[in-house]
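The values are calculated or read from the model by the stated rules, or taken from the named source; none is laboratory data. It should be emphasised that the depicted structure is a prediction, and the values quoted were computed from it without experimental measurement. We place every Cβ from the backbone using ideal geometry, glycine too, and count neighbours over all the protein chains shown. For accessibility, only protein heavy atoms count, side chains too; no ligands or nucleic acids. Shrake-Rupley method; radii C 1.70, N 1.55, O 1.52, S 1.80 Å.
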Amino acid sequence: SLFDLMSFISLYHAMLFAWLFAVWENDEIDIEIDKISNQDRPLSTVKPCMSIEEWRNLKYIFLFLSLSFAFLCGLYSFVFILLFIFIYHIYSTPPLKIKRFLGISSLLIAINALLAVWMGFFMSAGTEDLSAFPVRYVLGILIIFTLVENIKNIKDIDGDKKEGIKTLPVILGEDR
C-alpha cells in the first residue's frame, strides 16, 4: 500500500540521516587522527571545506531529519534510531569514546548493524516481535560485523596508534 511505501521511504531516510550524523560526529572528534590516516576527510585537509560551526549545524540538521523520519515510521523505529545514534555517540565521543577499547568497540558497530537489519525486518514482516527474528541470524550478524569492523580499521593504524585507540590492527601491527 501507499502507507507501506511511505514507511519504507521514511525508514530509509531515517537510517541515512542517522548514519550521516554519526559520520559527521566522528569526523568532528577525529580531526587529528584523520590528519594522519584520512587526509581526504573534509575537516582534516589543509584547507577545510567548512568551519567547525557550519559542520556542527549540518550535523544537527542530520540528527533532526533522522529523528523526524524515524518518528513517521512508528515507535519501534524511533526507539531503534535513538539507540543507533546513542551507540555511535558513545562509540565516538569523549568521555567514553568506546572506540578506544578492543573488542567492545567492534561489537557496538555490530549491534548497530543488527538494529538496522531489525528495523528493515520489522517493517517488511509487519511484526514488532523480536522473537520472530531467527537467533542464528542475530549471532551471524554480530559475529560477521564484529570481524569486518576490525578489518576496516587497517587503514587507520597510524592515527589510531597516535591517539591510543586499541584496534586489532594497532595491536597486531601493519605487517600481521
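The table below lists the values:
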{"item": "Matching residues, the stretch 69-90, being open to solvent by less than 40 Å² (accessible area, probe 1.4 Å) and touching a residue at least 24 places away in the same chain (Cβ under 8 Å)", "result": "Ala70, Cys73, Gly74, Ser77, Phe80, Ile81, Phe84, Ile85, Ile87"}
{"item": "Subset of the stretch 147-172 (residues that are polar (S, T, N, Q) and in a helix (DSSP H, G or I))", "result": "Asn150, Asn153"}
{"item": "Some residue of the stretch 72-94 being in a loop (DSSP other than H, G, I, E, B), over 13 Å from the mean Cα position of the chain (by Cα) and of a type outside the set (D, E, K, R)", "result": "yes"}
{"item": "Filter result for Lys155 (surrounded by fewer than 17 Cβ atoms within 10 Å (Cβ to Cβ), over 18 Å from Leu16 (Cα atoms) and touching a residue at least 40 places away in the same chain (Cβ under 8 Å))", "result": "yes"}
{"item": "Residue that is over 22 Å from Ile31 (Cβ atoms) and open to solvent by 20 Å² or more (accessible area, probe 1.4 Å), where the choices are Leu65, Leu96", "result": "Leu65"}
{"item": "Residue that is β-branched (Val, Ile, Thr), modelled with pLDDT of 90 or more and within 30 Å of Asp4 (Cα to Cα), where the choices are Ile104, Ile29, Ile111", "result": "Ile111"}
{"item": "Where a residue in the stretch 118-138 is surrounded by 12 or more Cβ atoms within 10 Å (Cβ to Cβ) and its partner, wherever it lies, is among the hydroxyl-bearing types (Ser, Thr, Tyr), with Cβ under 8 Å and at least six apart", "result": "Met119/Tyr76; Met119/Ser77; Phe122/Tyr76; Phe122/Ser77; Met123/Ser7; Met123/Ser77; Glu128/Tyr76"}
{"item": "Criterion violated by Lys35 - all others in (1) open to solvent by less than 60 Å² (accessible area, probe 1.4 Å); (2) in a helix (DSSP H, G or I) satisfied", "result": "(1)"}
{"item": "Test: residue in the stretch 48-64 that is within 30 Å of Ala125 (Cβ to Cβ), more than 17 Å from the chain's Cα centre (by Cα) and assigned to a helix (DSSP H, G or I)", "result": "no"}
